[in-house]
Structure formats: structure tokens, C-alpha cells
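> Sharing a structure below in C-alpha cells format, with a few things to ask.
The values are calculated or read from the model by the stated rules, or taken from the named source; none is laboratory data. Source: prediction; values computed, not measured. We place every Cβ from the backbone using ideal geometry, glycine too, and count neighbours over all the protein chains shown. Ligands, DNA and RNA are excluded from the accessible area calculation, which covers all protein heavy atoms including side chains. Shrake-Rupley method; radii C 1.70, N 1.55, O 1.52, S 1.80 Å.
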Amino acid sequence: MLYCFSQANYDKEELMSYLSLVTENDAVVLWQDAVLLIAKYPNYFKDCKGHCFALEQDILARNLTALLPKENIVQLISLLDLVDITVQYSPQMAL
């Protein structure tokens, strides 16, 4: 399954409940304002069992590069990479 997050306003419990559903066969993509979640809740993604990705252009657009954790397990991807990820993981859930 592919979980696509586009918002930054999830509270801790809501985000944790979504991430608890993610297995090692799943992926999480953060895009648009959801890239802010990496800086807001870095440990949540460190504990995520699936593959975590964030759109690099959204990170750069929000000037978040310096705020990313040093041991960031969220892999930065391009739009082309996103297309490949959407092909690889099915079904998809937009959150």
C-alpha cells in the first residue's frame, strides 16, 4: 500500500494511528505541506516500518533542508521517482 500525505495539520494521535498501519511492504510519501511533518515529528518516521519518501522540490520550496534530522530516514525523491513509486505500490491511499 502507498500512503500519500499532503497536509501538515495531523495531530500526534492521528498521525501515529496512520503510521501504525504501515508495514515493511508499504511506502509513505510526504508531499506538499506534509513535508513539514518530518521537522515536526522526526521520530515518528524513524519508527515507521515502511519505506518513507518526501518530494525534494517541496522540501526545497519550504526551505526545510537545514531542519531535516541528521539521521533522516525519509528519502528525498523527484517527481519522476514518485511515478515509479506509485507503480510499485498498490493500492494507494491519499491522506
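> How much accessible area per residue does region 1-54 have, counting only protein heavy atoms and a probe of 1.4 Å, in square angstrom?
Computed with neighbouring chains in place, this is 49 Å² per residue.
> Going toward the positive end of the dipole of the chain, with +1 on Lys and Arg Cβ and -1 on Asp and Glu Cβ, which of V87, A34, L60 do you reach last?
Result: L60.
> Dipole magnitude of the chain about its Cα centre, charges +1 at Lys/Arg Cβ and -1 at Asp/Glu Cβ only, in debye to the nearest 20?
It comes to approximately 200 debye.
> Can you tell me, using C-alpha contacts under 8 Å and at least 6 residues apart, the relative contact order of the chain as a whole percent?
It rounds to 38 percent for the chain.
> How charged is the neighbourhood of L82? Take every other residue with its Cβ under 13 Å from the Cβ of L82, and add Lys/Arg as +1 and Asp/Glu as -1.
Once all neighbours under 13 Å are counted, the net charge is -4.
> Still on this structure, I have one more. Can you compute the helix-only [θ] at 222 nm over the chain? Use -39500 (n - 2.57) per DSSP H run of at least 4 residues, normalise by all residues, nearest 500 deg cm²/dmol.
Values: 5 runs with 35 residues, N = 95.
Result for the chain, helices only: -9000 deg cm²/dmol.
> Which peptide among 6-13, 46-53 comes first, and what is the full order, when sorted by highest mean count of other Cβ atoms within 10 Å?
The packing order, highest mean first, is 46-53, 6-13.
> Name all residues of region 37-54 having a backbone nitrogen under 16 Å from the label point set 7 Å from the Cα of S20 along its Cα→Cβ direction, giving them as ranges.
Hits in region 37-54 for S20 at 16 Å: 44-45, 47-50.
> So, one more: For log10 I(q)/I(0) by the Debye sum over Cα atoms at q = 0.10, 0.11, 0.12, 0.21 Å⁻¹, the listed values are [x] -0.27, -0.32, -0.39, -1.11; [y] -0.31, -0.36, -0.42, -1.01; [z] -0.22, -0.26, -0.31, -1.04; which was obtained by calculation from the structure presented?
Of the labelled values, this structure produces [z].
> State the percentage of accessible surface on region 1-45 attributable to carbon and sulfur atoms; use a 1.4 Å probe and exclude ligands, DNA and RNA.
51
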